[in-house]
1. Cα centroid distance between region B:417-473 and region B:341-413, in Å?
2. For region B:282-435, taking Cα atoms only, what is the radius of gyration to one decimal and the Dmax to the nearest whole Å?
3. Take every Cα-Cα distance within region B:183-234, group them into 5 Å bins from 0 onward, and report for each bin the whole-number percent of pairs it holds.
4. What order do you get for A:98, A:9 when you list them from fewest to most C-beta neighbours inside 10 Å?
5. Evaluate 2.2 N^0.38 Å with N set to the residue count of region B:375-490, then give the Cα radius of gyration divided by it.
6. Can you bin region A:73-112 into rounded, prolate or oblate? Criterion: square roots of the alpha carbon gyration tensor eigenvalues sorted a ≥ b ≥ c, rounded for a/c under 1.5, prolate for a/b above b/c, oblate for the rest.
7. Please report A:183, B:79 as a ranked list, fewest other C-beta atoms within 10 angstrom at the top and most at the bottom.
8. Tell me whether region B:268-365 comes out rounded, prolate or oblate; compute the Cα gyration tensor, take square roots of the eigenvalues as a ≥ b ≥ c, and use a/c under 1.5 as the rounded threshold.
């Protein structure tokens, strides 16, 4: 691809990214305003002695009496200047702090499970494709499909039961904490990251990250398998074999690099979506990440928090797609981006 | 083309008629099956109990006040229910100072709340659904206690006409089709034309042959065979489940709640006293219907958007694709909750619309990519040269070429839709008035079924979802392999 047209394509893509992010912000503003229910009603304690002036005061405080256009203007300006306002609930903490705090735990959880997912899924998929139709392929593919069809929340509930009670009186069965993110009874309300506390955090991480990994490993291994099978039927593989390369060399030098593009797109998608929230796992294991916060802010009608979670999730998806496209163009010059 | 028929052979033998009647029988069977599938979810919300008056019972002496609201029960729409809360007075001589009732309708995101002060009152239920009634009392020491129960409000008994509405409509349609066919046959005979033109016959013969070939390949493919087998079992359950079920799932029985599995109740009963095994059988139909119809809606929208965007190209394509990007980037849960707000009360139709209206973006992208490559083929150029209109090109050349892909993708989308329904139910967007595997799981996890020893309540619906999703996924992959020319030769 000639340099100038390449630069032109990149510029167009960057422009598109900006346009999409802008669209997400506008759409998001209207979506959250169309959500059912009045947040102020939720903030005022529900009691027979209901004070109307309190409601008016709160409406004034959160700019709810301005026109929609004015609110949209404020919202755009505040988003860009990172002045994300305060939550309607949660002791009116700044939204930025809340999201930053939750993001740490989500990244830890997601990072942990993604590493396992990629390592296991890609190895499984590659080996299945390599020995296509063999015993390992059949077993691995059926197990993958089984987990692929499983609601993640159901898997979480079942695993939670399996590792928090002694099934059938088996006392040797390992026990794991059912929920939370560290042993708060033992270490108090705040973490100081000493060694035993880090171990506690890791122990509480095992079950949620294993659930998340089991739920996503199937997708990775299936995509890896089918993409490799696609490349294995190409003529250059035949040529490589004819040259006398060993099976391993064919796989390593010719099949794997050419089978990677779909994987990269999938990984980008996965990471982006997971930043948007591993809702089900976080809700069941009571893990205080972004997904857990999303559900909480929906039920509390906490619009400021919800808005920025959606924006961050959307921007993550857009950026991840953009980066994966760039990477694909770089490693595979045949790809024409329209 | 009508002139051509005159030079075709006009032997009007019994084979042609047999062909016609076979198709007629197929049509009737399919229609009856469809009606059977559709009629029961509609009839699910109906019952015919008379209104009971709810009386509180029992009093105990305790250090704290104890509220007694009553027992869960079934009533019919329009019934005036007498709610009478009592409380046992604590032993230290305190008196009850206030009674506070809350009646809350469970309907997805829209909560309707009624508050009443006072120990007893009459309440008229004007809506079907499940209502949670909660009584909170406070005594003179400031201590309080609350108790709650559910009232299951069912629609009034149906008249004969309402009950058989779908059947009657189907009968009317079938009669109409019959009259049309008879009239058609009469005019053709009068004009001396063959009952079925040979060209038509050939078309159907080829279509049938192709279909049989695909079926053969499907059953030879191990994934396809397993998928077809699983789905056959579950579609049988979906069609006949309500007749196989040992209990009714719409009548709550507060005296038999949370029973462990026994000879009477194979999988136990839930917190409303409903037999879990029966719910599982009823749930097959609703879950599969939700999956199929919402997948069809999503595929239809996606194919339409993709065809349009890919074919017209230019700035219109850009606008559509940017919008599509935006929709794809918004977290799906938030999107679904907002769509739910538009849809209003979430019942079976509501949940189908929510899933269908949010799931089209990926299909649109896929179809667009396919159209982009088809658009440049030579036969499109040729069609344009002989003066085909744009619509004709899309309809006769582009759509048929994308159809196999869309079809295989729809089957895969059914699997995703069934999972979405379960997840939405679990996260609180629960369709009211129907039993699906998702709502079962949602109630089970709210009632912490495992701690109650009711393992089947969580395991059975989950395993059913896994099996059906697996069936649709396998079938989808197999069809993709058969129908997608790129994958056929590997």
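1. Each part reduced to its Cα centre gives a spacing of 31 Å.
2. Reported Rg and Dmax, both Å: 17.6, 56.
3. Computed distribution, short to long bins: 5, 17, 13, 13, 11, 9, 9, 9, 9, 5, 1.
4. Ascending Cβ contact count within 10 Å gives the list A:9, A:98.
5. The value comes to 1.64.
6. Taking the square roots of the gyration eigenvalues as a ≥ b ≥ c, region A:73-112 is oblate.
7. Lowest count first: A:183, B:79.
8. It is prolate, given that a/c is not under 1.5 and a/b is the larger ratio.
Each value in this text was obtained by applying a stated rule to the coordinates, not by laboratory testing. In this text, all values refer to a predicted model and were calculated from it rather than measured experimentally. Neighbour counts run over all protein chains shown; Cβ positions are idealised from the backbone, glycine included.
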